[in-house]
Each structure stands twice: as C-alpha cells, then as structure tokens.
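Structure, as structure tokens:
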Amino acid sequence: MQWSLVIPLKPLALAKSRLADTAADALRPGLALAFAVDTVTAALACAAVRDVAVVTNDELAGRELAALGARIVPDEPRAGLNAALAHAAAAVRATLPDSALAALNADLPALRPPELARVLDAAAEFPRAFLADAAAIGTTLLAVAPGRELLPAFGTDSRARHRASGARELRPTAVDSVRQDVDTGEDLRAALALGVGPRTAAAAARLLIPGQ
Ligand SMILES: Nc1nc2c(ncn2[C@@H]2O[C@H](COP(=O)(O)OP(=O)(O)OP(=O)(O)O)[C@@H](O)[C@H]2O)c(=O)[nH]1
Ligand SMILES: C=C(OP(=O)(O)O)C(=O)O
C-alpha cells in the first residue's frame with residue numbers, strides 16, 4: 001500500500017520550547033527546521049510513501065520543505081495541532097480521495113525510511129492505528145485506511161487517548177527511529193545516539209551538548 005503523509009509544523013519561532021535549556025533562543029528555530037528537513041527527507045525516501053504534505057504557516061520552512069518535494073498546506077484553522085492535521089488530511093483527500101493517510105511528527109531527526117515502511121506496512125492491517133513515542137506517553141504516527149477519518153488526538157497523553165478512541169496500537173520491532181521524537185535535551189541525545197540526518201547533525205554541532 002502507498003501512503004499519503006501529513007506532517008504538522010508550527011511557526012519555527014514558537015517551536016521546541018522544551019529545548020530552551022539545550023538550545024538558545026537564537027538556535028532553536030534552526031534546530032526545529034533541521035528536524036523537519038531530516039524528517040521530510042526520510043519520509044519522501046520511504047518506498048511506502050507516495051506523497052508528503054506539511055501543514056504550516058511558517059514561510060521559511062514552507063519554502064525549504066517544498067523544495068524537497070513536500071506539498072505545503074497553509075494552517076488555515078489556526079486552532080492548534082489537531083485542527084491543523086484534520087485540515088491537511090481533508091486537503092490531501094480532496095485531491096487523492098482514496099488515499100491511505102498517516103499523520104507523522106515533524107521532530108523525528110533519526111527517521112530511517114525502511115523503519116517507516118515497516119510501521120506503515122503494519123498499519124495497513126487495521127482501519128486506524130498508531131505508534132507510541134519512545135517515552136511511551138505520546139504518539140509519533142497515526143494512520144487510517146482509505147475512506148476512514150483521521151480523528152487526530154495528538155498532545156498530552158496522546159497514546160492513551162488514541163487507544164481509548166479505538167485506534168489499534170502497533171507494536172512492530174526495530175522501529176526506534178520512528179518512535180524517537182525530540183522534545184527535550186535528553187531526547188536529542190537519544191536521537192543523536194541512533195544517528196540523525198545531516199541537517200540535524202550540523203545544527204546539533206553548534207550546541208554544547210555534554211558527552212557529544
Ligand atoms: N501546523 C501546526 N503544527 C503544530 C501546531 N501545534 C503544534 N504543531 C506541531 O506538532 C508537533 C508537536 O507539537 P508540540 O509538541 O505542541 O510543539 P513542539 O514545537 O514540538 O514542542 P514544544 O514547544 O516544546 O511544546 C510539532 O511538529 C509542532 O511543530 C499548530 O497549531 N499548527
Ligand atoms: C504532540 C505530541 O508530540 P510531542 O511529544 O511533540 O508533544 C504527541 O505525542 O501527541
């Protein structure tokens with residue numbers, strides 16, 4: 001099965017506030033963009049992915065991610081993450097009505113295309129399914145079969161909320177790079193240990209990370 005992905009990205013100046021102790025205000029927007037560039041690059045290189053839409057109102061990120069081959073969908077609702085995802089899902093389905101659809105976080109700088117393919121292949125067995133993040137509290141991917149509504153419930157405790165909503169929790173093995181989102185300095189160290197994409201490696205080299 002071939003998938004359409006939707007990836008949300010808030011304005012870079014507001015992004016990754018929980019990394020404030022690891023990356024100064026002047027460096028954080030560039031780091032958030034580097035995560036998104038490496039995530040979108042890996043997603044577009046995945047054999048199971050047909051197309052990637054990024055829902056964002058950030059002009060710089062929009063230009064860079066469009067140059068990689070992503071479709072940019074303006075965040076017209078301006079009503080938070082889940083409204084942005086539902087809006088992007090509708091925009092994708094307006095052009096590709098029969099697409100299988102997955103929402104993927106923009107902060108997966110270690111993402112490996114074969115691992116993403118493994119998760120999407122597992123998701124294809126269910127009408128609606130999700131993958132928990134490395135912390136086992138959040139969600140990094142929510143997938144729906146053709147004809148199904150995404151009904152995103154990302155945010156605090158989204159693993160429990162996606163499970164309670166009836167989505168099937170996927171438990172594939174060897175998919176660490178799809179689970180490793182980066183919200184904190186500790187997460188960034190874990191992603192660096194897995195091996196990040198080139199943009200994140202360059203951006204992280206400008207930070208002073210103990211042990212790096
Ligand atoms: N388009 C869009 N994306 C959003 C919005 N809110 C959050 N996101 C994106 O959704 C993902 C998870 O968001 P958050 O955890 O709220 O924000 P974050 O920038 O990752 O981190 P913090 O600032 O530390 O909370 C990130 O990729 C965000 O850029 C929104 O209102 N619109
Ligand atoms: C929005 C989510 O991600 P984050 O860990 O970036 O808050 C989530 O896990 O639902």
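One residue is enough: does region 10-23 have a residue meeting the conditions buried (at least 23 other Cβ atoms within 10 Å of the Cβ) and in contact with a Ser or Thr (Cβ under 8 Å, 6 or more places away or on another chain)? No, region 10-23 contains no residue that is buried (at least 23 other Cβ atoms within 10 Å of the Cβ) and in contact with a Ser or Thr (Cβ under 8 Å, 6 or more places away or on another chain).
Exactly one residue out of Ala24, Ala32, Ala53 is small (Gly, Ala, Ser) and more than 19 Å from Asp183 (Cβ to Cβ), and it is Ala53. Of everything in region 49-108 that is of a type in the set (S, T, N, Q) and within 15 Å of ligand 1 (Cβ to nearest atom), the residue that is surrounded by the most Cβ atoms within 10 Å (Cβ to Cβ) is Asn105. Kindly indicate whether any position in region 104-124 is at pLDDT 95 or above, at positive phi and not β-branched (Val, Ile, Thr). The answer is no; no qualifying residue exists.
Of everything in region 139-183 that is farther than 18 Å from Ala88 by Cβ and among the β-branched types (Val, Ile, Thr), the residue that is nearest to the chain's Cα centre (by Cα) is Val178. All conditions in (1) surrounded by fewer than 17 Cβ atoms within 10 Å (Cβ to Cβ); (2) within 16 Å of ligand 2 (Cβ to nearest atom) hold for Ala34, with the sole exception of (1).
Residue check: is Val119 among the β-branched types (Val, Ile, Thr), within 16 Å of ligand 2 (Cβ to nearest atom) and closer than 21 Å to Asp187 by Cα? Considered against the rule, which asks whether it is among the β-branched types (Val, Ile, Thr), within 16 Å of ligand 2 (Cβ to nearest atom) and closer than 21 Å to Asp187 by Cα, Val119 comes out as yes.
The values are calculated or read from the model by the stated rules, or taken from the named source; none is laboratory data. If you're wondering where the values come from, they're calculated on a predicted model, not measured in any experiment. Here the Cβ is made from the backbone with ideal geometry for all residues, glycine too, and neighbour counts use every protein chain on show.
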